[in-house]
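To keep things clear, I will list the structure first and then write my remarks on it.
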Amino acid sequence: MKVLNVLFLPLCLLVFSCEKDKVSPPAVNLPPDNTNNVLDTLGKIQVNLSGMHNANGKINFALYNSSSNFNDPAHVYRSLILTPTVSTMSFTLDSIPAGTYAFGVFHDENDNQQIDQNWLGIPTEGFAFSNNAMGSFGPPSYDQAKFIVLKSQTHVQTIALHFY
């Protein structure tokens, strides 16, 4: 019996010490597959545009993501050229990272890829900016036109073209 105890005790110690030294992987709580998708963190911008006098030409839309680039055609963050409809139209920009933005839009009625102006530099084609912002003797500032896009949400801008 002593021999059995002498053999049993080291064997028990060996088994229990091996169990104690076993390393289990840490528990990891993974989110469901659909929340791990980058697209779920992006927002959208929906623009409801009104005021077109006709369906001629194109609607030019330019989105900016910084004040230093605002209203500079060479530094547009995202742009669209759309076929206008008379009176009202809506369009949506998808996959927009959360942040601060501003946009300008004009109805290029003669489709010459520029906003036409009279001899005083006043636009002769319809134009608008986000927030329906208007500047004094020129375009509005970025601060007047800026808005915030939140992740996984749609920001809606309802805009009317201005004519002089």
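Quick look at the values:
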| read-out | value |
| --- | --- |
| When residues of the stretch 55-86 are limited to those that are among the hydroxyl-bearing types (Ser, Thr, Tyr) and out of contact with any helix residue (DSSP H, G or I) (no Cβ under 6 Å at 6 or more places or on another chain), the one farthest from Tyr101 (Cα to Cα) | Thr85 |
| Complete set of residues in the stretch 123-133 that are part of a loop (DSSP other than H, G, I, E, B) and either hydroxyl-bearing (Ser, Thr, Tyr) or at pLDDT below 95 (or both) | Thr124 |
| Filtered residues of the stretch 114-164 (kept if under 20 Å from Ala98 (Cα atoms), surrounded by fewer than 19 Cβ atoms within 10 Å (Cβ to Cβ) and of a type in the set (S, T, N, Q)) | Asn131, Gln144, Ser152, Gln153, Thr154, Thr158 |
| Residue count, the stretch 86-111 (criterion: part of a loop (DSSP other than H, G, I, E, B), touching a residue at least 40 places away in the same chain (Cβ under 8 Å) and over 17 Å from the mean Cα position of the chain (by Cα)) | 3 |
| Matching residues in the stretch 135-164 - criterion: being of a type in the set (A, V, I, L, M, F, W, C), at pLDDT 95 or above and part of a loop (DSSP other than H, G, I, E, B) | Leu150, Leu161 |
| Checking Tyr101 against (1) surrounded by 14 or more Cβ atoms within 10 Å (Cβ to Cβ); (2) more than 20 Å from Leu42 (Cβ to Cβ), the condition it does not meet | (2) |
| Every pair of residues 6+ apart whose Cβ atoms lie under 6 Å, when the first sits in the stretch 60-82 and is assigned to a helix (DSSP H, G or I) and hydroxyl-bearing (Ser, Thr, Tyr) while the second is modelled with pLDDT under 95 and surrounded by 15 or more Cβ atoms within 10 Å (Cβ to Cβ) | none |
| Filter result for the condition that a residue is of a type in the set (Asp, Glu), modelled with pLDDT of 65 or more and loosely packed, with under 15 Cβ neighbours inside 10 Å, over Asp21, Asp108, Asp94 | Asp94 |
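The values are calculated or read from the model by the stated rules, or taken from the named source; none is laboratory data. Everything numeric in this text was worked out from a predicted model, so none of it was measured. FYI the Cβ positions are ideal-geometry reconstructions off the backbone, even for glycines, and counts take in every protein chain you see.
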